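One structure is given here, and the rest of the page talks about it.
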Amino acid sequence: MIILGLETSCDETSAAVLQSELVRSNIISSQHCHRKFGGVVPELASREHDRLIVDVVNQALQASNIHKNQLDFIAATAGPGLIGAVLVGLCFGQAFAMGLGIPFIPINHIEAHIFSSFIQDETHASPPTFPFISLTVSGGHTLIALVKEDLSITPIGKTLDDAAGEAFDKTGKMIGLPYPAGPEIDKLAQSGDPYFHQFPQALTRHSQTSKSYDGNFDFSFSGLKTSVHRYLSLQTTDFIRENLHHICASIQEAITSVLVKKTLQAASAYGINCISVSGGVSANSMLRKKFQEQTKTHGIQLCIPKPIYSTDNGAMIANLAKLKIDRGQFEPHTYTYHAFSSYL
Ligand code: KG4
Ligand code: ZN
């Protein structure tokens with residue numbers, strides 16, 4: 001079975017070819033035109049996807065040595081995302097599938113992140129064991145969910161305001177880092193002291209008496225933004241420049257600690273022995289390290305996709321299409337307008 005997966009929901013134009021279980025190619029073209037604006041400009045993103053999509057798909061086919069006539073299915077992100085950006089991949093994917101006379105499968109972007117730890121390539125990663133607790137942390141979403149064998153996803157915690165990636169990007173912007181600031185903070189924090197300044201970790205209250213968790217698996221990062229803003233306003237420019245790596249490490253500590261704590265508490269509350277972490281923020285080295293240490297201590301299986309499959313990519317779209325096909329969970333003629341209404 002050969003599947004072409006397309007992803008264009010934000011600022012990555014990506015196409016991947018999956019053959020049987022394995023990723024044969026995964027081409028990702030990241031848009032750098034947004035940097036000077038400090039965030040993604042939706043109209044520019046749509047135009048970039050439109051300019052790049054044919055080339056990216058051709059590259060994915062060439063790199064995998066697969067001819068378009070060998071494709072069995074085409075899958076594309078159908079939302080959530082920037083509407084114009086989503087439309088480029090979705091319309092291209094549908095038109096291509098129609099032209100080739102093969103089925104088209106619309107895919108939910110967040111679900112694709114959730115199942116990205118199942119992606120297999122030549123390195124043969126161990127997939128999660130059902131049921132598992134999933135933490136999905138991206139620029140737009142922060143979600144803890146219980147995931148079962150039938151691919152059902154039951155949300156048990158989410159952010160009440162900003163997403164974890166947004167918290168990285170917006171606090172990074174305050175200290176003068178370019179967009180997206182997440183990877184920049186990660187790099188600078190390598191040489192910083194995470195306890196240099198204690199930024200707040202919201203909604204982590206424990207019961208006074210039992211020390212048990214109060215059962216709130218939601219997150220909030222807007223207070224962190226305010227706290228960083230206040231802290232910076234009290235420092236001199238020289239102090240901020242000289243201690244940038246410490247400030248980055250302290251911000252990273254506040255964001256990653258709360259993510260790890262709540263995910264482990266959710267696993268314990270639901271009696272689950274496997275955790276999967278996905279989405280762009282799961283590329284963060286401190287988050288990975290904390291999860292590795294904590295899951296080892298608690299004897300929990302941990303699955304985190306390679307960083308290349310953590311951020312937006314076409315392989316995760318083809319991968320979820322494959323999981324759905326294997327379970328007979330797709331209707332070949334579910335064409336887009338219907339898909340849109342349920343995804344956007
Ligand atoms: O999943 P993704 O590529 O796109 C969305 O669906 O949003 O996630 C992008 C987010 C951005 O906020 C970016 O700053 C963050 O993931 N990110 C990171 C790292 N790499 C990407 N955050 C912290 N550390 C990283 N190494
Ligand atoms: Zn994403």
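Only the coordinates and a few stated rules stand behind these numbers; no lab work does. Since the structure is predicted, the reported quantities are computational estimates derived from the model, not experimental observations. Note that we place each Cβ from the backbone using ideal geometry, even for glycine, and neighbour counts take in every protein chain shown.
Pairs of alpha-carbon atoms within less than 8 angstrom and 6+ residues apart define the contacts here; what relative contact order does segment 126-305 have, in percent?
Working: 337 pairs, mean separation 54.0, N = 180.
Relative contact order, segment 126-305: 30 percent.
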(message) I want to check the label-to-label distance for residue 129 and residue 35. Put each point 7 Å from Cα in the C-beta direction and report it in nm to one decimal.
(response) 4.5
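Sort 324, 187 so that the residue with the fewest other Cβ atoms within 10 Å of its own Cβ comes first and the one with the most comes last.
On the way: 324 18, 187 13.
Arranged by neighbour count, lowest to highest, 324, 187 become 187, 324.
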(request) Kindly write out, for segment 231-236 in residue order, the coupling ³J(HN,Hα) from the Karplus curve 6.51 cos²θ - 1.76 cosθ + 1.60 (θ = phi - 60°), rounded to whole Hz, with x marking Gly and Pro. (result) 4, 5, 5, 8, 10, 7
(message) Tell me whether segment 126-305 comes out rounded, prolate or oblate; compute the Cα gyration tensor, take square roots of the eigenvalues as a ≥ b ≥ c, and use a/c under 1.5 as the rounded threshold.
(response) prolate
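By the scheme Lys and Arg +1, Asp and Glu -1, what is the net charge of all other residues having a beta-carbon under 14 Å from that of residue 58? Intermediate values should be presented prior to the final figure.
Working: positive: 51, 68; negative: 55.
Charge balance near residue 58 sits at +1.
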(request) Mind pulling the angle between the C-alpha long axis of helix 83-100 and the longest principal axis of the chain? Nearest 10 degrees, somewhere in 0 to 90. (result) 30
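Set the Förster radius R0 to 41 Å, insert the Cβ-Cβ distance between residue 91 and residue 173 as r into 1/(1 + (r/R0)^6), and round the FRET efficiency to 0.05.
Numbers: r = 33 Å, r/R0 = 0.79.
FRET efficiency, residue 91 to residue 173: 0.80.
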(request) Kindly express, to the nearest 10 degrees and within the range 0 to 90, the angle between helix 314-326's C-alpha long axis and the longest C-alpha principal axis of the chain. (result) 60
(request) Could you calculate the contour length gain from residue 222 to residue 268, that is, 0.36 nm times the residue separation minus the distance between their Cα atoms, to one decimal place in nm? (result) 13.9 nm
(message) What is the distance in Å between the Cα centroid of segment 1-52 and that of segment 81-141?
(response) 12
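Using a Förster distance of 30 Å, how high is the FRET efficiency between residue 54 and residue 187, based on the Cβ-Cβ distance and rounded to 0.05?
Working: r = 34 Å, r/R0 = 1.12.
About 0.35, to the nearest 0.05.
What is the local net charge at residue 319, summed over the other residues whose Cβ is closer than 14 Å to its Cβ (Lys, Arg +1; Asp, Glu -1)? Can you show the working numbers first?
Numbers: positive: 24, 306, 322, 324, 327; negative: 7, 21, 111, 121, 312, 326.
Net local charge, residue 319 excluded: -1.
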(message) At 222 nm, what value in deg cm²/dmol follows for the chain if DSSP H runs of at least 4 each add -39500 (n - 2.57) and the sum is divided by all its residues, to the nearest 500?
(response) -13500 deg cm²/dmol
